[in-house]
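Undergrad: Dropping a structure here in structure tokens format, bear with me for questions.
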């Protein structure tokens, strides 16, 4: 009976969240954009997944100092820096502590996690007037009032936990507030949506313990990257809502298990969780996926014919010419709004957020959302579609903050951790 009532509530919410689009028909495009720009500055915008730490690591940066600090302030490289974030109204990007799956075999996962956490910390010690580490929504709100960008952290791949359950608490103390249970390969916790081995047929026995420990400790469970079977196992174990920090809707990309099916999204809503839409074109549009896959196959054959590998110096002009003649099909900001619409129409306004994957999806970002300065373009599209200011506030931060607060409160009431 409780489940039926909840589903009815979700159905009502799905039909009652938007204002009438006719209310915006009288607005000029300039007025829509002005309102979007104003909302982007007035509202807290949180992004579930920004891969800046590993992006910096790939450029040989282990610590932000005044000498290299332009990379995070105003360099205009990559997808994120302070000036562009302020321009776009981004206030609380979750810094991804990304752990490549190869470290599950070679070792070093925990050491890399610690080094990336330290790297994020160095941003705040070098620029304390601009960045601040946070552990809760209330701290984000405090920094927002002070004009600072908050840097909560989420760990992408639970491999650094190893086989020691106490490492869950260790990473909470280090500032981690969500953990993506696995990444591109099955690990000791969970099967991956990208893997085909189905090592555990879902969560491992240890993975079930990890989910319970995350609940107890106050770390959000992130179901992005995990297999469908693992998702349903998480639903059996968790006592609190979960997030999908950077996933989109499989409705638009049939067969792409990395995205969430309608069934999964409905179950996520029953759990009162949130799906945070990924901006990568391959996540948004089947046509983008197809163009990428076809181009990769053609380029592979071309290089093989010339007995070259992708990394060879002689291959670079060939690759450049190929990409010019075979352009990638990018999605656009309207497609991101389509995914938001789909979730809202399916389960309601309370279960969707933003998880761009900036600095993580390479050159696949959609037209109109190429970097963190362009969040107002998405807000403008939502305004055109009749979303109210309150709807947009829920999408931008309130839905995720609700989950985050619930998880912290549950941990405090059950263990005194927080």
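Undergrad: Yes or no: residue 143 closer than 22 Å to residue 51 by Cβ and free of Cβ contacts under 8 Å to residues at least 60 places away in the same chain?
TA: Working: closer than 22 Å to residue 51 by Cβ: yes; free of Cβ contacts under 8 Å to residues at least 60 places away in the same chain: yes.
Against the criterion (closer than 22 Å to residue 51 by Cβ and free of Cβ contacts under 8 Å to residues at least 60 places away in the same chain), residue 143 qualifies.
Undergrad: Would you confirm whether any residue within the range 49-58 is modelled with pLDDT of 95 or more, in contact with a strand residue (DSSP E or B) (Cβ under 8 Å, 6 or more places away or on another chain) and in a loop (DSSP other than H, G, I, E, B)?
TA: Yes, that holds for at least one residue.
Undergrad: Here's a check for you: in the range 1-30, which residue that is surrounded by 13 or more Cβ atoms within 10 Å (Cβ to Cβ) and over 14 Å from residue 346 (Cα atoms) is modelled with the highest pLDDT?
TA: My answer is 27.
Undergrad: Taking residue 173, is it under 30 Å from residue 205 (Cα atoms) and free of Cβ contacts under 8 Å to residues at least 12 places away in the same chain?
TA: So residue 173 fits the description; yes.
Undergrad: Still on this structure, please answer the following. Just for the range 364-389: of the residues that are assigned to a helix (DSSP H, G or I) and more than 22 Å from the chain's Cα centre (by Cα), which one is surrounded by the most Cβ atoms within 10 Å (Cβ to Cβ)?
TA: Step by step, filter the range 364-389, then rank; the result is 383.
Undergrad: Is it fair to say residue 368 is under 20 Å from residue 83 (Cα atoms), at pLDDT 95 or above and touching a helix residue (DSSP H, G or I) at 6+ places or on another chain (Cβ under 6 Å)?
TA: Here the answer is yes, as residue 368 does meet what is asked.
Undergrad: Quick check: anything in the range 216-234 touching a strand residue (DSSP E or B) at 6+ places or on another chain (Cβ under 8 Å), over 14 Å from residue 154 (Cα atoms), in contact (Cβ under 8 Å) with a residue 40 or more places away in the chain and in a loop (DSSP other than H, G, I, E, B)?
TA: No; the residues of the range 216-234 include none that is touching a strand residue (DSSP E or B) at 6+ places or on another chain (Cβ under 8 Å), over 14 Å from residue 154 (Cα atoms), in contact (Cβ under 8 Å) with a residue 40 or more places away in the chain and in a loop (DSSP other than H, G, I, E, B).
Undergrad: Which count do you get for residues in the range 325-340 that are exposed (fewer than 12 other Cβ atoms within 10 Å of the Cβ) and within 30 Å of the chain's Cα centre (by Cα)?
TA: 1
Rundown of residues vs (1) more than 27 Å from residue 367 (Cβ to Cβ); (2) out of contact with any helix residue (DSSP H, G or I) (no Cβ under 6 Å at 6 or more places or on another chain); (3) loosely packed, with under 15 Cβ neighbours inside 10 Å, yes/no style:
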position: 291; (1), (2), (3): no, yes, no
position: 296; (1), (2), (3): no, yes, yes
position: 299; (1), (2), (3): no, no, no
position: 317; (1), (2), (3): no, yes, yes
position: 320; (1), (2), (3): no, yes, yes
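Undergrad: If you check residue 67 against the conditions, is it surrounded by fewer than 15 Cβ atoms within 10 Å (Cβ to Cβ) and modelled with pLDDT under 95?
TA: No; evaluated as a whole, the condition is false for this residue.
To keep it simple, each residue is scored yes or no on (1) surrounded by 24 or more Cβ atoms within 10 Å (Cβ to Cβ); (2) in contact with a strand residue (DSSP E or B) (Cβ under 9 Å, 6 or more places away or on another chain); (3) part of a loop (DSSP other than H, G, I, E, B).
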| position | (1), (2), (3) |
| --- | --- |
| 246 | yes, yes, yes |
| 255 | no, no, yes |
| 263 | no, no, no |
| 268 | yes, yes, no |
| 272 | no, no, yes |
| 276 | yes, yes, no |
| 283 | yes, yes, no |
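The values are calculated or read from the model by the stated rules, or taken from the named source; none is laboratory data. If you're wondering where the values come from, they're calculated on a predicted model, not measured in any experiment. Methodologically, a virtual Cβ is constructed for each residue, glycine included, from the backbone with ideal geometry; neighbour enumeration extends over all protein chains shown.
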